[in-house]
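The values are calculated or read from the model by the stated rules, or taken from the named source; none is laboratory data. Just so we're clear, the structure is a prediction, and the values are computed from it rather than from any experiment. So basically every Cβ, Gly included, is an ideal-geometry build from the backbone, and we count neighbours across all protein chains shown.
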Amino acid sequence: MGEENSVVTPNINIKGIESDRIDGGAKRGGNLFHSFQEFNVQQGRGVYFTNPDGVANILTRITGNNASNI
């Protein structure tokens, strides 16, 4: 996605849950796109996608060969 990279900030506390926060991505109209080689969420952890103003949908694609564990 070129200069519109997703940025992961690991190990932050969001509403009492250890989480990773995902910022950035590529905004097109009301859609926000993220692309990752791998995407896994460990048991008991969370992932929070920031939602900028005007975004109605957050879409994420995984491009690697490994299955995601969520």
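Take the conditions (1) part of a loop (DSSP other than H, G, I, E, B); (2) more than 10 Å from the chain's Cα centre (by Cα); residue 11 misses just one of them, which is (1). Quick check on region 20-34. Is at least one of its residues under 11 Å from the mean Cα position of the chain (by Cα) and at pLDDT below 95? No - not one qualifying residue is present in region 20-34. All conditions but one from (1) surrounded by 15 or more Cβ atoms within 10 Å (Cβ to Cβ); (2) under 16 Å from residue 70 (Cα atoms) apply to residue 32; the one that does not is (2).
Screening the candidates 20, 53 for the property of being among the acidic types (Asp, Glu) and surrounded by 15 or more Cβ atoms within 10 Å (Cβ to Cβ) yields one hit, 20. Between 11, 40, the distinction of being modelled with pLDDT of 95 or more, of a type outside the set (A, V, I, L, M), surrounded by fewer than 11 Cβ atoms within 10 Å (Cβ to Cβ) and out of contact with any helix residue (DSSP H, G or I) (no Cβ under 8 Å at 6 or more places or on another chain) belongs to 11 only. Look at region 48-64: where a residue is modelled with pLDDT of 95 or more and of a type in the set (S, T, N, Q) and a partner is surrounded by 11 or more Cβ atoms within 10 Å (Cβ to Cβ) and in a loop (DSSP other than H, G, I, E, B), sitting 6+ places away or on another chain with Cβ atoms under 8 Å, you get 60/39.
Return the residues of region 15-70 that are among the polar types (S, T, N, Q), in a loop (DSSP other than H, G, I, E, B) and under 18 Å from residue 4 (Cβ atoms); say none if nothing qualifies.
Pass one, region 15-70, residues among the polar types (S, T, N, Q): 19, 31, 35, 37, 40, 42-43, 50-51, 57, 60, 63, 65-66, 68-69.
Subset that is in a loop (DSSP other than H, G, I, E, B): 37, 40, 42-43, 50-51, 63, 65-66, 68-69.
Within region 15-70, 37, 50, 51, 63 qualify.
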